[in-house]
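Structure first, commentary second.
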Amino acid sequence: MPRVTPPAPSPRVSGGWREVWRVWILGALFPVWLATTFGATLARVDGDSMEPTLHNRDLLLLLKYPRWLRAWGLPTPYPQRGDLLIFKAPADSPYSYDTRLGLRYRPYNVKRLIALPGETVEIRDSQVVVNGRVLAESYVNDGVLSDQPPLRVPPGKVWVLGDNRLIGESLDSRAYGPVDLRDVAGPANLRLWPDPGLVGGPEVGGDGS
């Protein structure tokens, strides 16, 4: 019986796939991945915990490079009091989880950074007190805070609050404690839509220190 030798692969087809990989994967998608992983990306607000500063479905610019600069030991002012942070709440807290389509997961949150590592924070007479000084908070609504005893923020962690101080409107460090900076994606102090402009940062957070 005669032997049939299969035809050799077409060099043109093989070369075509290599060209697609080089141009579209390495040339286009890889730079996008680098930019969104180490540079910046978009974040959408889900919920009312940051009212009146942010509203549901507001679009923010999330800066990721400050987080990486800090992780690599390079000079950066991040984080600063007043920053609006995008983060995942502590994994050991039941308040950190949500369920969607039957799957339990830790969603990203947006809250305002109130106290930095090593600082002492407390709530006294419905006012936030950091290192013994009442924090000026012109950005909050007229909600009432329950008193909480002084807490020293551990190294590498921050203490966050939602701007919406109405009862039951914000799950934050009052419920799940300090947030590990390793769980923070970065600051999102700039709103892109619908009202572009700065919505966070040290100039908003009171003394700015």
- Note on the structure: Among the residues of segment 167-177, the number that are free of Cβ contacts under 8 Å to residues at least 60 places away in the same chain and part of a loop (DSSP other than H, G, I, E, B) is 2
- Message: Restricting to segment 141-164, count the residues that are assigned to a loop (DSSP other than H, G, I, E, B), open to solvent by 10 Å² or more (accessible area, probe 1.4 Å) and in contact with a Gly (Cβ under 8 Å, 6 or more places away or on another chain).
- Response: 1
- Query: Residues Gly47, Gly16: which one is modelled with pLDDT of 65 or more and on the phi > 0 side of the Ramachandran plot?
  - Reply: Gly47
- Message: Looking only at segment 54-66, count every residue that is within 10 Å of the chain's Cα centre (by Cα) and charged (D, E, K, R) and tell me the total.
- Response: 1
- Can you spot a residue in segment 197-204 that is on the phi < 0 side of the Ramachandran plot, at pLDDT 95 or above and among the charged types (D, E, K, R)? no
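The values are calculated or read from the model by the stated rules, or taken from the named source; none is laboratory data. In this text the structure is predicted, and so the values were computed from the model without any measurement. Positions of Cβ are generated from backbone atoms using ideal geometry, with glycine treated the same way; all protein chains shown enter the neighbour counts. For the accessible areas, the whole protein counts, side chains as well, though only heavy atoms, and no ligand, DNA or RNA atoms are used. Shrake-Rupley method; radii C 1.70, N 1.55, O 1.52, S 1.80 Å.
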